[in-house]
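A.B. asks: Let me give you the structure first, and then I'll get to my questions.
Bear in mind that the values in this text are calculations on the coordinates, not laboratory data. Since we're looking at a predicted model, the values are computed, not measured. Virtual Cβ from ideal backbone geometry, glycine too; neighbours counted across all protein chains shown.
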Amino acid sequence: MIRKLFCVVLLALTIGSGNVFAQQIPEEEKISGLFPGISFSRFSSQIESSTDYRFYFKKTDVDSIQVNISAKDNSISQILEGIFKNTDLKYTIDEQNRVFITKGKPLELSLAKDFFESVNSLDEEDSISRISDTERAFSRNKLHVLGSSQSENSSSTASLSGKITGLETGNPVYGAVVFEKVNYTRAIANEEGFFSIDLPKGRHTIFIQNLGGFVEQRQISLQGDGILDISIEENIISLKEIVVSSEKMTNISRPQMGVQSLSIKAMKKIPAILGEVDILKGLLTLPGVKTVGEASVGFNVRGGAADQNLILFNNATIYNPSHLFGLFSAFNPDMVEEVDLYKGGIPVKYGGRLSSVLDVKAKYGDKEKFKVSGGIGLMTGRLTVEGPIGKNTTFVVGGRSTYSDWILDLLEEKTDFNDARASFYDFNFNFQHKLNAKNIIRLNSYLSQDQFRFDPDTAFNYKNQNINLAWTHYFSERLEAEFIVGQDRYQFGIEGRDNPLNAYDFGFEILQNHLRANFTYEMDLQHTLSFGASSIQYNFRPGYINPFGTESIVIPEEVNPEKALETAFYIGDAFEINDQLAVDFGLRYVIYNYLGPNTVNSYQPGGPISPSTITGEKSYGEGDIINTYHGPEFRVSGRYNLNNISSIKAGYNTMRQFTHLLTNTSAISPTDTWKLSDPNIRPQWGDQVSIGYYRNLKIDQYEFSLELYHRNMRNLIDYRSGASLILNNEIEQSILKTDGRAYGAEVMLKKNTGKLNGWISYTYSRSLLRTASDETAEKINKGDYYPSNFDQPHNVVVVGNYELSKRLSTSLNANYSTGRPVTYPVSKFQYAGSERVYFSERNAYRIPDYFRIDFSINIEGNHKVRKLAHSSWSIGVYNLLGRKNPYSVYFTPVNGTLQGYQLSIFAQPIPFITYNFRF
Amino acid sequence: MMIRKSHSLLVFLLLILAFTGCRDPFEPELTQTDFAQLVVEGYIEINGKESGIKLSRTRPVISDTDPNMESGATVMLRDEFGYQWDLQESEPGTYSFSGFLSAFSTYQLEIILNNGNRYISDNLTPIITPEIGDVGFQKDENGVDIFISTQGNDQAQYFLWDYEEYWQFKPGIQTVFIYNPETNEVDYRRPDQAINLCWNNNLFPRIILESAGKYTDKRIFQKELVNIPNRSEKLMQRYSIKVRQRAIDRESYDFWEILRKNSDDIGGIFSPLPSLIQSNISSLTDPEENVIGFVSMGQSAEKRIYINVADVFPWPFFIPEYEFCQIENDTTFISAYSRKFSSGNLIPARPIMSGTTTIGYLGAPVACTDCTLRGSNVRPDFWED
């Protein structure tokens, strides 16, 4: 009953009735009649039956009341006064003649006077306190209805015009770009800040971009011609490129997660070894990306092995991304436009590796004028020339090389290390030609080579050679296609010239031809489809040795060349369900054929793969399909915008990998070979589940992200004891089928603007391996999980840049990480005259933790417009603290007794200086 | 093959290249668990040469104790027909055998420890090692390389070499004199008192392995065994190396290769990860127990060569201990003999003559004159001049 009562009260309030008391009612209905000793309930129903009054009360309140009165033209108030005399019951009557009986206090029908006002002021306070975010979010999301739909103009488009002014100054913003992202219609504000843009009638999100300012957005519903004045933040000094600003939005709004972009500009600020801007070293400052040590080739993403990263340099697959054993990355920084690393949420058009895709985008040259840029460091020099040829063609050509062995020469005097030599070069030529508005042709080519030797006897070399041609065709405004054909080649060689009788040439080679077709179709405002196919034809020469010279008695030997075809079809949809929710989902189907000619062993099923379980050998001819693996890969990721400044995302993807790096060392060594999946070595399979939270703070000044992931991996490769991987035709007898799992959390806080900018990232990650349960040959650590060689649970990176002035900036880079796992000797024994060591379980211990601080100062030349060259200096110190970070720890018998050593690579502060120029 | 050798060089280069890289002594914090696993080492000769099996136990990696030999065990060899040969413990932990065995039988080694634990080997098949083709040497800018050439056959494809080096050396200051405290005179030294010429040796060889299978006719040509660096004392007079060649089977080869890799190659940047050491001995008492070591049988081959300083002339040498050796400038006269020479720290080195009479001696520190402080003046039995 009482509930009913309150409901009514609220109802009364909502319909806006005034505050009424019985006493104030001018005309009351008169009641006459005899009520002899009846209950109040009975009394009330008698009154209700003869009048308009309706009673509301709690039964228990009135149980004890006996009504015993005789009324003659009395008002209801008089009667109730009489009945309730000497009780604590009170009554209230409202306008609609409803009678509320309450105990103790009459029901209060009015609200506090300031009830509504106080709500308002609270609101106001809130918005003041969060003006930067909330108001911005409000104006961004508020729908501005413009124009009149009743206007006689019946055309389907309408004109939107207005004035763009600065938020703080109120001055017109000249040059601001107003655009929408469906058809990319755009307009530019004139000197007075006025713009005018013709758009189809209906809903639009329009973006306002001031060069160097933020991207502002407005939601409009354009009914007819209308005017919208917009105030935006202006930033007089242009510090940021448009790319960077769009990145800002993408942190929150792109549906994929686990994507890291680094502009070359950001990378240039990170202090580098020997002063060379290094893409791979830059990546290592991002959460989830690690390396087993300085000067090691390759990197590990989210607990994956170094060979599980697909490294693309303008469509070309790079098998060895380093120079000089990892001291330098193989990418010339002047050639690089942007770098994207996909740790999760890998786009459906990529495949073939388990852990990540590193997409390095190179330049095609400046459209406006010829430019020359370059740099001179301690060991290397580089030069890049770019520019237009005619109206529709641009090119860029760049080279980099060591120009001196002087460091080695210097060392020669101090050591008996004669004739050591190390050199490298790389060369790029990219070319873009616009045939017409609908067709663009691009040529990408890359060549890199390393050579080194330690004595005149043995020389090593390796080489990447890549070329591809891409044709972009716009079928329509909505359908775009890219066709790529290319060839990638990687090879390494060893020349042994120790002795004419033992002289040999050892070689390894990968040659892959690839063909790709990628389509994107913007179906409507909500759906963007991507689909296509790709095919890679692999030709591996997994190792050969030939005698050199007529005297050599080395027997020529070659591991059977391998061939395979990897074909994939994919389709994906970027689906914007609504403003909050967007989903990217795709399916990729991969078919892998291992092809003849080859000879393949078959083994007893279920038994260990070993020489004793060979049941037969089968030879296949040219073009025969030896076996086929195929299966789907799923890529799903979704984003939900909590509001304009924060979002949550989740993703799931599966990957397959058909090429395996054979390495017995923890880093990629220049003499590691690759192996294709065959009937005895299954392709690697992995999946990843991830979730994340993203938030921008202080008007996008700070970006915060948190990502969690869990990965499963199957058919990884570990090695049996004493496995020999070189010139081995029966590699399957040397490997152990291994499962892996990796999980972790990545937290990053990034400050994009201001004099002080940079980021802090913390990564917790584990990477564990386990000999597969169906592997019977050998069980590492009795078949339990053991940490992988690159399992480094804690990693903290701080990158800070401080601009002292426009010409002088400093950067500091600090890096901490848990020591990587290592297998220590736990006991020793005497054998063959020396003390020998017996090792612990695999990776049971860790080397000491890693900590390093680098510092650099960048000095820009003066900013005079007319001068010969713009130059800059980069001066710094690598490993400022000179901490002796152990790369590895080992034990070796010295004069018959065992001595432990730790090996550090950069054990002292290393100063560097580089001069860069462009004109 | 050179590939492997170059890996460690690669590491070296890297260090150099960075010109700040460094190698420091390191002691990890390890759990001091003493696993005390059984270690079995041995090669049984089948043609009567003395050979044997050594039994010991592992020790914690950081410990200074002597090898923990396992004595009191019963070790026997049994062929497939059940014939049995017992090995006798000749010194603690060493069980010797010298006898003639058929090369065409298979054998098993059985071990019963003092504590009753029993171990048995896999089947062992003796391999007759081909004779060593040649042990030679060559001088180049890196010193003198000693190499071996041999030829394998279908039974003997995998080779294991070890060696013993002996060499003569002379002290920094040579003297033929000795102070006799009884007569307070300086006498000429008797041959057994000679300290001018000593022998030194190196019995801690590296493991050297090679597979002949990859060469034409299984011929191994000039495989490097030892490098004697420039200025080494080893070649200042006369040097001798005895090389033992053993042909082993594939599994033993793998074991030795792992042992070698675990000792020589570990820790570099491109070094392989340490591998599990396997064994052809297993426990009958506890199948889970891990035993270390690989036992082989067969007949080994040996060869000894000598290298004289004349063969490598010119051979400048340098012995750090003798770097600052000098004969005293002041003559010690007869009256001072007892005071100066009786402690033994100063040895009479050069006589000072007055006419035909010796009036005193110039002394020299014992560390510079007495070669027995660094070696032995006893000529080894095998030594030929």
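A.B. asks: Give me the mean projected area, in nm² to one decimal, of the convex hull enclosing the Cα positions of the stretch A:458-572.
C.D. replies: Details: hull surface 36.7 nm².
About 9.2 nm², averaged over all directions.
A.B. asks: Calculate the all-directions average of the projected area of the stretch A:563-705's alpha-carbon convex hull, and give it in nm². Intermediate values should be presented prior to the final figure.
C.D. replies: Numbers: hull surface 53.3 nm².
Here the figure is 13.3 nm², rounded to one decimal.
A.B. asks: Positive end of the charge dipole of the stretch A:452-543 (Lys, Arg +1 and Asp, Glu -1 on Cβ, about the Cα centre): tell me which of A:Asn513, A:Ser476, A:Thr528 has its Cα farthest that way.
C.D. replies: A:Asn513
A.B. asks: Under 15 Å Cα-Cα from A:Lys290, which aspartates and glutamates qualify once same-chain neighbours fewer than 8 residues away are excluded?
C.D. replies: A:Asp278, A:Asp307, A:Glu746, A:Asp791, A:Asp849
A.B. asks: Shifting gears a bit: For the stretch A:760-919, what class follows from the C-alpha gyration tensor (a ≥ b ≥ c being the square roots of its eigenvalues): rounded when a/c is under 1.5, otherwise prolate if a/b is larger than b/c, else oblate? Provide the component values of the computation, followed by the final result.
C.D. replies: Working: a/c = 3.54, a/b = 2.21, b/c = 1.61.
Prolate, because a/c is 1.5 or more and a/b exceeds b/c.
A.B. asks: Separate question: Starting from the Cα of B:Val312, step 7 Å along the direction of its Cβ; do the same at A:Ile571; then give the gap between the two resulting points in nm.
C.D. replies: 7.7 nm
A.B. asks: Residue-wise, which Karplus ³J(HN,Hα) couplings in Hz belong to the stretch A:65-73, taking 6.51 cos²θ - 1.76 cosθ + 1.60, θ = phi - 60°, and x for glycine or proline?
C.D. replies: Rounded to whole hertz, the list is 8, 10, 8, 9, 9, 10, 10, 9, 6.
A.B. asks: Starting with the highest mean, order A:184-195, B:233-244, A:481-492 by the number of other Cβ atoms within 10 Å, averaged over the residues of each peptide. Show your work: numbers first, answer last.
C.D. replies: Working: A:184-195: 15.8, B:233-244: 21.2, A:481-492: 18.7.
Sorting A:184-195, B:233-244, A:481-492 by mean packing, highest first, produces B:233-244, A:481-492, A:184-195.
A.B. asks: Volume per residue, Å³, of the convex hull around the alpha-carbon atoms of the stretch A:158-228? Working shown, then result.
C.D. replies: Working: hull volume 5.4 nm³, N = 71.
It is 76 Å³ per residue.
A.B. asks: Follow-up question, since we're still on this one. List the extent of the Cα atoms of the stretch A:576-626 along each of their three principal axes, largest first, rounded to whole Å.
C.D. replies: In descending order, the Cα extents are 63, 30, 11 Å.
A.B. asks: At what distance in angstrom do the alpha carbon centres of the stretch B:167-194 and the stretch A:772-809 lie from each other?
C.D. replies: 66 Å
A.B. asks: Hey, another quick one. Please express the Cα-Cα pair-distance distribution P(r) of the stretch A:525-627 as a list of whole percents, one per 5 Å bin, running from 0 to the bin with the greatest distance.
C.D. replies: Final binned percentages: 2, 10, 11, 11, 12, 12, 10, 8, 7, 6, 5, 4, 2, 1, 0, 0.
A.B. asks: At a threshold of 8 angstrom on Cα-Cα distance, excluding pairs fewer than six apart, so keeping six or more, what relative contact order does the stretch B:25-157 reach in percent? Don't jump to the answer; show the numbers that get you there.
C.D. replies: Numbers: 237 pairs, mean separation 23.3, N = 133.
So the answer I get is 18 percent.
A.B. asks: Still on this model: Computed from the mean reciprocal separation of all distinct C-alpha pairs, what Kirkwood hydrodynamic radius does the stretch B:288-347 have, in Å? Could the numbers behind the result be given before it?
C.D. replies: Values: mean 1/r = 0.0530 Å⁻¹.
Here the Kirkwood hydrodynamic radius works out to 18.9 Å.
A.B. asks: Is there a simple number for the mean count of other chain Cβ atoms within 10 Å of the Cβ of residues in A:498-507, and what is it?
C.D. replies: 3
A.B. asks: Using a 10 Å cut-off around each Cβ of peptide A:553-560, what is the average number of partner chain Cβ atoms that fall inside?
C.D. replies: Numbers: counts 6, 5, 6, 0, 1, 0, 0, 0.
Whole-number average of other-chain Cβ neighbours for A:553-560 is 2.
A.B. asks: Out of the GluC sites (Glu not before Pro) in the stretch B:162-220, which ones are loop residues according to DSSP with at most 13 other C-beta atoms within 10 Å?
C.D. replies: Values: sites: B:Glu164, B:Glu165, B:Glu182, B:Glu185, B:Glu210; in loops: B:Glu182.
Qualifying residues, ordered by number: B:Glu182.
A.B. asks: Under the classification rounded if a/c is under 1.5, otherwise prolate if a/b is larger than b/c and oblate if not, where does the stretch A:459-503 fall, given a ≥ b ≥ c as square roots of the Cα gyration tensor eigenvalues? If you can, show how the numbers build up before the last one.
C.D. replies: Working: a/c = 10.02, a/b = 7.58, b/c = 1.32.
It is prolate, given that a/c is not under 1.5 and a/b is the larger ratio.
A.B. asks: Now, a different point. Could you tell me whether the stretch B:101-198 comes out rounded, prolate or oblate from its Cα gyration tensor? Rule is a ≥ b ≥ c as square roots of the eigenvalues, rounded for a/c under 1.5, then prolate if a/b exceeds b/c, otherwise oblate.
C.D. replies: On the way: a/c = 4.09, a/b = 1.78, b/c = 2.30.
It comes out oblate by the Cα gyration axes.
A.B. asks: Moving to a separate point now. Residue by residue through the stretch A:723-733, what is 3J(HN,Hα) from phi via Karplus (6.51 cos²θ - 1.76 cosθ + 1.60, θ = phi - 60°)? Round to whole Hz and write x for glycine and proline.
C.D. replies: Running phi through 6.51 cos²θ - 1.76 cosθ + 1.60 with θ = phi - 60° gives 4, 10, 9, 8, 6, 10, 7, 10, 4, 4, 7 Hz.
A.B. asks: Which distance in nm do the two modelled labels at B:Glu224 and B:Arg118 give, with both placed 7 Å along the Cα-to-Cβ direction?
C.D. replies: Modelled inter-label distance: 5.0 nm.
A.B. asks: From the Cα trace of the protein assembly as shown, what convex hull volume per residue do you get, rounded to a whole Å³?
C.D. replies: Values: hull volume 423.1 nm³, N = 1304.
Spread over its residues, the Cα hull of the protein assembly as shown gives 324 Å³ apiece.
A.B. asks: Let me ask another. Using Stokes-Einstein with the Kirkwood hydrodynamic radius over Cα pairs, what translational diffusion coefficient do you get for the stretch B:335-385 at 25 °C and a viscosity of 0.890 mPa s, in µm²/s rounded to a whole number? Before the final figure, lay out the partial values.
C.D. replies: Details: Rh = 13.1 Å.
The calculation lands on 187 µm²/s.
A.B. asks: Also, I was wondering about something else. Tell me the mean residue ellipticity at 222 nm calculated for chain B from its helices only (DSSP H runs of n ≥ 4, each -39500 (n - 2.57), averaged over every residue, nearest 500). Please list the in-between numbers first.
C.D. replies: Values: 4 runs with 37 residues, N = 385.
After summing the helix terms and dividing by the residues of chain B, the value is -2500 deg cm²/dmol.
A.B. asks: Right, here's the next one. Give the relative contact order (percent, whole number) for the stretch A:610-703; include only Cα pairs under 8 Å separated by 6+ residues. Show your work: numbers first, answer last.
C.D. replies: Numbers: 115 pairs, mean separation 25.5, N = 94.
So the answer I get is 27 percent.
A.B. asks: Taking the Cα centre of the protein assembly as shown as origin, work out the dipole magnitude from +1 charges on Lys and Arg Cβ and -1 charges on Asp and Glu Cβ, in debye rounded to 20. Working shown, then result.
C.D. replies: Details: 127 positive and 154 negative charges, 663 e Å.
I would put it at about 3180 debye.
A.B. asks: Given H placed 1.01 Å from N in the peptide plane, which residues other than close sequence neighbours of A:His144 have an amide H under 5 Å from its amide H?
C.D. replies: Close amide H contacts, sequence-distant or interchain: A:Gln219, A:Ile220, A:Ser221.
A.B. asks: Evaluate the distance, in nm, between pseudo-label points positioned 7 Å from the Cα of A:Leu435 and of B:Phe333 along their respective Cα→Cβ axes.
C.D. replies: Going from the A:Leu435 label point to the B:Phe333 one covers 11.3 nm.
A.B. asks: Quantify how strongly other chains surround peptide B:213-224 by giving the mean number of their Cβ atoms within 10 Å of each of its Cβ atoms. Please report the intermediate quantities before stating the final value.
C.D. replies: Details: counts 1, 5, 5, 5, 2, 1, 2, 2, 6, 4, 1, 3.
Mean inter-chain Cβ contacts per residue within 10 Å come to 3.
A.B. asks: Compute log10 of I(q)/I(0) for chain B with the Debye formula, placing one identical point scatterer on every Cα and leaving out solvent, at q = 0.09 Å⁻¹, to two decimals.
C.D. replies: Taken in order of the listed q values, log10 I(q)/I(0) reads -0.74.
A.B. asks: Charges on Cβ only, +1 for Lys and Arg, -1 for Asp and Glu, centred on the Cα centroid of the protein assembly as shown; of B:Leu373, A:Phe429, B:Ile305, which one is farthest towards the dipole's positive end?
C.D. replies: Checked the options; the winner is A:Phe429.
A.B. asks: Does anyone have the angle between helix B:2-18 and the longest principal axis of chain B? Alpha-carbon axes, 0 to 90°, nearest 10?
C.D. replies: It is inclined by approximately 60 degrees.
A.B. asks: Hey, any idea what Rg/Rh is for the stretch B:25-98, computing Rh the Kirkwood way over Cα pairs? Please report the intermediate quantities before stating the final value.
C.D. replies: Values: Rg = 16.2 Å, Rh = 14.3 Å.
Rounded to two decimals, Rg over Rh is 1.13.
A.B. asks: Through the Karplus equation 6.51 cos²θ - 1.76 cosθ + 1.60, θ set to phi - 60°, convert the phi angles of the stretch A:528-538 into ³J(HN,Hα) values in whole Hz; use x for Gly and Pro.
C.D. replies: Using θ = phi - 60°, the values come out as 10, 9, 10, 8, x, 8, 8, 9, 10, 9, 9 Hz.
A.B. asks: Given H placed on each backbone N at 1.01 Å, which residues far from A:Thr157 in sequence or on other chains put an amide H within less than 5 Å of it?
C.D. replies: A:Lys201
A.B. asks: Another question, then. Which order do the peptides B:324-330, B:73-79 come out in when sorted by mean C-beta neighbours inside 10 angstrom, highest first? Don't skip to the answer; put the middle values down first.
C.D. replies: Values: B:324-330: 11.9, B:73-79: 17.9.
For the peptides B:324-330, B:73-79, the packing ranking is B:73-79, B:324-330.
A.B. asks: B:Glu288 to A:Ser619: FRET efficiency via 1/(1 + (r/R0)^6), r the Cβ-Cβ distance, R0 45 Å, to the nearest 0.05? If you can, show how the numbers build up before the last one.
C.D. replies: On the way: r = 43 Å, r/R0 = 0.95.
According to the calculation, E is roughly 0.55.
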